Protein chains: 2
Amino acid sequence: MARAEEITKLVHQQGGRMTRQRRLVMEVLASLDTHPTAQELYELVRERVPTISPATVYRNLKLLHDLGCVLELDYGPGPTRYDATVTDHCHARCTRCGRVVDVPVVDVADAATAAAAMSDWLITGCRVELYGLCPKCRDANNRKTQPEGAR
Amino acid sequence: MARAEEITKLVHQQGGRMTRQRRLVMEVLASLDTHPTAQELYELVRERVPTISPATVYRNLKLLHDLGCVLELDYGPGPTRYDATVTDHCHARCTRCGRVVDVPVVDVADAATAAAAMSDWLITGCRVELYGLCPKCRDANNRKTQPEGAR
DNA sequence: ATAGATGCAAAAACTTTGCGAAGCC
DNA sequence: GGCTTCGCAAAGTTTTTGCATCTAT
């Protein structure tokens with residue numbers, strides 16, 4: 001099954017609808033390997049649907065992220081970047097220009113090796129973040145009660 | 001040599017001055033293991049220097065970061081969090097409340113092992129970002145010319 | 001004495017939200 | 001037809017900047 005149909009089905013499962021705008025946000029993102037920001041994506045989609053608003057792009061990116069169809073790369077300064085490739089890989093971000101490129105890795109443990117292999121980049125560091133639920137939140141199964149500090 | 005003196009020396013080397021505000025931002029951050037946001041740090045420092053402004057806290061955090069004395073944890077949604085521990089370690093961030101805790105690792109390759117060891121957390125994922133200079137920026141040694149997309 | 005830092009306030013950068021109109025199923 | 005999504009505009013959140021004043025060296 002094509003990726004587009006797959007995502008359409010996922011959207012329908014959630015009671016959502018596949019609008020022209022939503023499809024385009026998805027398609028344009030998938031056609032790029034540049035990990036665009038929401039603003040950049042907005043500019044690109046606007047070439048095809050001139051009336052689209054930034055809010056729609058943000059809303060659709062969030063929805064597609066919630067469905068697990070896009071990655072949010074909110075590392076580093078500046079705006080969040082998006083990635084339609086959700087299979088395991090990590091990223092290299094330029095500390096000067098903000099450019100982000102893919103680094104294929106099979107496993108997190110390969111990250112150090114990957115760094116060594118990026119010979120055309122000057123790798124100066126590597127950051128790792130594990131994520132999940134802390135003990136308090138894991139135990140607090142009531143989703144209504146957000147612990148202090150939540151957003 | 002004490003950490004405080006070490007940092008003071010670094011600041012002086014850059015032609016900077018160790019003001020009351022700067023020292024406090026540093027000291028308060030170092031006294032916490034909660035990885036506060038700039039706002040939280042501002043509130044805490046304000047207890048000791050009631051006239052300090054948020055701008056000063058931001059400016060000092062940026063300077064200390066440039067000196068390599070604090071880490072910026074700008075993972076995830078919401079404001080950037082700061083960390084005075086710059087020795088190698090990684091972080092676990094709660095996807096519900098935003099809490100960030102330290103996870104000591106000797107090497108990036110240990111990340112997967114660390115995940116397994118965080119038995120009181122419910123780890124659902126792990127992200128890795130390498131950083132450094134991309135080929136274009138590495139070659140462009142003229143710091144005046146920022147490539148497109150830079151910030 | 002003087003370059004660098006501060007405090008204030010305004011602005012910038014990025015993202016979310018409210019609401020009435022329009023469109024998908 | 002009904003509920004979702006859209007476009008617009010306004011507001012929210014986080015961070016940066018301009019400028020006159022102050023201060024560490």
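Every number here is computed from the coordinates shown, using simple stated rules; none is lab data. Remember, predicted model here, so these are calculated numbers, not experimental data. Quick reminder, even Gly has a Cβ in these numbers, built from the backbone with ideal geometry, and neighbours come from all protein chains shown.
Assorted remarks:
- Across the copies of the chain, A:Val49 has label points (7 Å from Cα along Cα→Cβ) spaced 5.0 nm apart, shortest distance listed first.
- With its label point put 7 Å out from Cα toward Cβ, B:Glu72 sits 1.9 nm from the same residue's point in the other copies, in order from shortest.
- Normalised by the number of residues in the range B:1-86, the mean separation of alpha-carbon contacts (under 8 Å, six or more apart) gives a relative contact order of 29 percent.
- Of the GluC sites (Glu not before Pro) found in the range B:16-86, those that fall in a DSSP loop while having at most 12 other beta-carbon atoms within 10 Å are B:Glu47.
- When the trypsin sites (Lys or Arg not before Pro) in the range B:1-102 are filtered for DSSP coil states and for at most 15 other beta-carbon atoms within 10 Å of their beta-carbon, the remaining sites are B:Arg17, B:Arg48.
- Net dipole in debye of the range A:1-86 [+1 Lys, Arg Cβ; -1 Asp, Glu Cβ; about Cα centre; nearest 20]: 420 debye
- Distance in nm between pseudo-label sites at B:Arg46 and A:Leu122 (7 Å out along the Cβ direction from Cα): 4.1 nm
- The string of couplings for the range B:68-82 from the Karplus curve (6.51, -1.76, 1.60, θ = phi - 60°) is x, 8, 9, 9, 9, 9, 9, 6, x, x, x, x, 5, 10, 10 Hz, one whole number per residue in order, with x for Gly and Pro.
- Across every pair of non-identical alpha carbons in the range A:1-86, the mean reciprocal distance, once inverted, gives a Kirkwood radius of 12.9 Å.
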